[in-house]
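The values are calculated or read from the model by the stated rules, or taken from the named source; none is laboratory data. These numbers come from a predicted model, not from an experiment. A quick note on method: Cβ atoms are made from the backbone with ideal geometry, for glycine too, and the neighbour counts reach across all protein chains shown. For the accessible areas, the whole protein counts, side chains as well, though only heavy atoms, and no ligand, DNA or RNA atoms are used. Shrake-Rupley method; radii C 1.70, N 1.55, O 1.52, S 1.80 Å.
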Amino acid sequence: MSNSASRNPADRRIFLRTTLDLGDVLLHPWGRGDAESETMLDGLIAAAGDPLIALWNPLATADRRDALTWLESRDGDWDRGAGAFFAVLNAVDGVLLGSVTLRWVDRADGLAMIGYWTLPAARGRGVATRAVRAVTDWAFRTAGARRIEIAHAVDNEASCRVAHHCGYLPEGTLRDSHRFGDGAYHDEHLHARLATDPGPAGPTGEPKAC
């Protein structure tokens, strides 16, 4: 490697496959190996059919063939170090609880964006908050992320609570920013956390209005 390449920040900003152990919850890298698990495939199909996920985080995993294609795509992004995709699993039985996705927006600048969803059985238990905190800390610590953003529809109050609880500060409203699962453009709230920001206080943080 040349000296100029070794000094390029983007060369050090690579998401490497890892499993994050939160005790009762595991964050497992999505990939083609999950195709061998009936539980994982059934979980992806169930997620695609959930009304809230279909609205705010649509998934092209309505059947097993689609789910396999989706898993292949996640593997490709891991291979390139361009994205980190974690299945959130119950550590005891491996049942799928949700997912956290982290992608580079501007790799050279250290700017990334994080997204997340949970299945109904995991909602209201702090699972999304714990998972997003863990992935955020991991990205700052191991991949040289400088700034991570969350953008969620204004009406998605649950996602807003997770952002606040994870220390992502509100920065404004993006008008007609993204077309969601209902086919309409929605305003989004933008939150961000910097690597230099203090971590959120307490196990889940204090609830705040979005």
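List of remarks:
- Note on the chain: Cα convex hull, mean projected area over all directions, 12.2 nm².
- For the range 84-89, Karplus couplings with θ = phi - 60° (6.51, -1.76, 1.60), whole Hz, Gly/Pro x: 10, 10, 10, 7, 9, 10
- Kyte-Doolittle mean at least -1.0, axial Cα span of 18 Å or more - DSSP H helices of the chain: 127-142
- The fraction of accessible area contributed by carbon and sulfur in the chain is 52 percent, rounded to a whole number (1.4 Å probe; ligands and nucleic acids excluded).
- Spherically averaged projected area in nm², based on the convex hull that wraps the Cα atoms of the range 133-195: 4.5
- Normalised contact order of the chain, rounded percent, pairs of Cα under 8 Å and 6 or more residues apart: 18
- Extension gain (nm, one decimal) between Ala91 and Ala158, 0.36 nm per residue minus Cα-Cα: 21.7 nm
- Residue-normalised accessible area of the chain, expressed per residue, 1.4 Å probe, Å²: 50
- Accessible area in the full protein assembly, largest first, 1.4 Å probe, for His164, His28, His152: His28, His164, His152
- Taking the three principal axes of the alpha carbon atoms in the range 59-103, the coordinate ranges are 31, 23, 14 Å, sorted in descending order.
- Solvent-accessible ranking of Tyr116, Tyr185, Tyr168, largest area first, probe 1.4 Å: Tyr185, Tyr116, Tyr168
- Eigenvalues of the alpha-carbon gyration tensor of the range 88-210, scaled by 5 and square-rooted, set the equivalent ellipsoid semi-axes at 21, 19, 15 angstrom, largest first.
- 10 Å beta-carbon shell around Cys166, net charge (K/R +1, D/E -1): +3
- Candidates Gly49, Gly181, Gly172: whichever shows maximal mean-square fluctuation once the chain is modelled as a Gaussian network with Cα springs under 10 Å: Gly172
- Fluctuation leader among Phe85, Phe15, Phe180 - the chain, Gaussian network, Cα springs under 10 angstrom: Phe180
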